[in-house]
């Protein structure tokens, strides 16, 4: 069974990004290495702060859209509830980036 992830990334200055993927590790690496031009690369949004798991793509996409519709304060509350120190959950995933 495939797992789908809804995740929130942040920059060091607090810019937030919400995404969905079935390849969390690979997608996080892409963000950290700025492999795709766009919002996250431009604003250096590469710290993985929040993750939810889903069994179906539809459930994950539905949740991603819900979170994207939240005000910033509600997104911050989600992060704070699971990761109060805003630690990068992927900090130790990629030795080659150190």
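The values are calculated or read from the model by the stated rules, or taken from the named source; none is laboratory data. Just so we're clear, the structure is a prediction, and the values are computed from it rather than from any experiment. Cβ: placed from backbone, ideal geometry, glycine included. Neighbour counts: every protein chain shown.
Quick notes
- Filter result for the condition that a residue is in contact with a helix residue (DSSP H, G or I) (Cβ under 9 Å, 6 or more places away or on another chain) and farther than 17 Å from residue 91 by Cβ, over 22, 11: 22
- Qualifying residue in the range 31-48 (condition: in contact (Cβ under 8 Å) with a residue 40 or more places away in the chain, assigned to a loop (DSSP other than H, G, I, E, B) and more than 12 Å from the chain's Cα centre (by Cα)): yes
- Candidates 64, 73 - the one that is outside any loop (DSSP other than H, G, I, E, B) and closer than 15 Å to residue 22 by Cα: 64
- Condition met for residue 86 (assigned to a loop (DSSP other than H, G, I, E, B), surrounded by 11 or more Cβ atoms within 10 Å (Cβ to Cβ), at pLDDT 95 or above and touching a helix residue (DSSP H, G or I) at 6+ places or on another chain (Cβ under 7 Å)): yes
- Of all residue pairs spaced 6 or more apart or on separate chains, those with beta-carbon atoms under 7 Å, a first member in the range 17-29 that is closer than 13 Å to residue 3 by Cβ and a second member that is in a helix (DSSP H, G or I) are 20/60; 20/61; 20/64; 21/27.
- If the condition is being surrounded by 13 or more Cβ atoms within 10 Å (Cβ to Cβ) and under 19 Å from residue 82 (Cβ atoms), then the range 32-58 contributes 45, 46, 47, 48, 49, 50, 51, 52, 54.
- Yes/no for residue 78 being assigned to a loop (DSSP other than H, G, I, E, B), in contact with a strand residue (DSSP E or B) (Cβ under 8 Å, 6 or more places away or on another chain) and either at negative phi or surrounded by fewer than 15 Cβ atoms within 10 Å (Cβ to Cβ) (or both): no
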